[in-house]
1. Are there any pairs with C-beta distances below 6 angstrom linking a residue in segment 205-223 that is over 18 Å from residue 245 (Cβ atoms) to a residue that is crowded, with 16+ Cβ neighbours inside 10 Å, with the two at least 6 apart or on different chains, and if so which?
2. Restricting to segment 279-295, what's the tally of residues that are over 14 Å from residue 201 (Cβ atoms), in contact with a helix residue (DSSP H, G or I) (Cβ under 8 Å, 6 or more places away or on another chain) and part of a helix (DSSP H, G or I)?
3. From the list 64, 55, pick out the single residue that is within 26 Å of residue 130 (Cβ to Cβ) and in a helix (DSSP H, G or I).
4. Do we have residue 117 as closer than 23 Å to residue 181 by Cβ, modelled with pLDDT of 95 or more and not assigned by TED's automatic domain parsing to the domain that holds residue 174 here?
5. Scan segment 122-134 residue by residue and report those that are within 21 Å of residue 181 (Cβ to Cβ), in a helix (DSSP H, G or I) and modelled with pLDDT of 95 or more.
6. Against the condition surrounded by 12 or more Cβ atoms within 10 Å (Cβ to Cβ) and either under 25 Å from the mean Cα position of the chain (by Cα) or within 21 Å of residue 209 (Cα to Cα) (or both), how does residue 276 come out, does it pass?
7. Being in the same structural domain as residue 168 (by TED's automatic domain parsing) and surrounded by 15 or more Cβ atoms within 10 Å (Cβ to Cβ): is that true of residue 131 here?
8. Is it the case that residue 287 is closer than 25 Å to residue 314 by Cβ and within 28 Å of the chain's Cα centre (by Cα)?
């Protein structure tokens with residue numbers, strides 16, 4: 001059995017060989033070249049080539065049919081992986097779940113997992129089976145968390161259902177229709193804190209229209225904050241008036257400080273007036289999804305401070321990043337440690 005990396009690495013060579021085998025546009029008396037591959041037989045090489053061409057043309061029913069025609073298990077798995085990893089229409093939950101089990105160490109498992117969570121509510125699984133599947137290694141998507149909540153609710157566990165809903169509401173993107181369903185089903189149980197957390201997530205992930213759609217759930221003061229942040233991000237002409245309208249107790253909101261700093265750097269082209277705003281932000285008070293954006297902006301300010309010899313402020317910018325994993329976390333930790341050695 002070939003390893004998945006070896007199978008995928010052979011794609012380029014196989015595609016080139018298969019392309020040479022394609023029927024020429026100009027009629028010829030010469031016979032077609034056979035489909036040649038170093039990893040499978042001629043028949044399966046032809047099937048894989050046709051599946052790849054069908055996938056390029058988004059002909060997913062043809063791809064699914066070709067998967068069933070392959071006698072080579074590796075070719076069959078590769079076609080299944082192409083379908084599952086792209087989240088293609090017509091591939092049901094059972095098929096995607098089977099692909100996850102079968103292709104355990106293949107690439108793009110997260111994409112396959114996401115797709116499975118999106119469609120698990122359409123599956124024939126019982127609510128107990130859905131809970132078992134979702135909680136085994138997730139859920140990781142908003143749709144998956146809402147599906148989990150609905151199943152908890154269906155078996156008489158409203159507390160666990162609300163916990164899953166809050167997790168999704170605070171931390172995940174959701175389709176507008178799903179948001180409406182959440183509000184219709186759980187709206188009376190969600191608080192102002194929940195709605196503020198939702199809007200904060202949306203603004204930090206640059207989903208301004210979605211945030212604006214939920215303003216009606218917020219207090220008047222917080223609506224003004226949302227308007228100011230959206231105005232700054234959109235480079236509106238009346239940003240000064242929008243910022244001035246924000247109540248004093250919300251003027252130090254991390255998202256507002258971030259947007260004001262970014263606006264000053266880009267619009268005024270003046271890092272000196274932008275950096276002081278960034279020092280007032282604690283990364284731990286920023287939604288996890290927004291911490292890399294905060295780091296990107298601070299990184300610019302840090303480089304300027306280092307060039308100017310302002311080591312203390314550079315450390316003040318680098319240290320409270322709030323991240324605990326990922327590439328930006330590693331960079332922030334390294335930079336803050338490097339600066340600390342020079343203080």
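1. Partner pairs satisfying both residue conditions: 205/289; 210/202; 214/199; 217/195.
2. Just the residues of segment 279-295 that are over 14 Å from residue 201 (Cβ atoms), to begin with: 279-284, 295.
Next, from what is left, pick out any that are in contact with a helix residue (DSSP H, G or I) (Cβ under 8 Å, 6 or more places away or on another chain): 279-283, 295.
Pick out the ones that are also part of a helix (DSSP H, G or I) and you get 283, 295.
The number of residues fulfilling the criteria is 2.
3. Values: 55 fails: within 26 Å of residue 130 (Cβ to Cβ).
None of the other options fit; the residue is 64.
4. Values: closer than 23 Å to residue 181 by Cβ: yes; modelled with pLDDT of 95 or more: yes; not assigned by TED's automatic domain parsing to the domain that holds residue 174: yes.
Yes.
5. Scanning segment 122-134 gives 127, 130, 131, 133, 134.
6. Working: surrounded by 12 or more Cβ atoms within 10 Å (Cβ to Cβ): yes; either under 25 Å from the mean Cα position of the chain (by Cα) or within 21 Å of residue 209 (Cα to Cα) (or both): no.
For residue 276, the condition - surrounded by 12 or more Cβ atoms within 10 Å (Cβ to Cβ) and either under 25 Å from the mean Cα position of the chain (by Cα) or within 21 Å of residue 209 (Cα to Cα) (or both) - is not met.
7. Values: in the same structural domain as residue 168 (by TED's automatic domain parsing): yes; surrounded by 15 or more Cβ atoms within 10 Å (Cβ to Cβ): yes.
Yes; evaluated as a whole, the condition is true for this residue.
8. Working: closer than 25 Å to residue 314 by Cβ: yes; within 28 Å of the chain's Cα centre (by Cα): yes.
Taking the combined requirement at face value, the residue satisfies it.
The values are calculated or read from the model by the stated rules, or taken from the named source; none is laboratory data. Because the structure is a prediction, the values reported are computed rather than measured. Please note: Cβ atoms are built from the backbone with ideal geometry, for glycine as well, and neighbour counts cover all protein chains shown.
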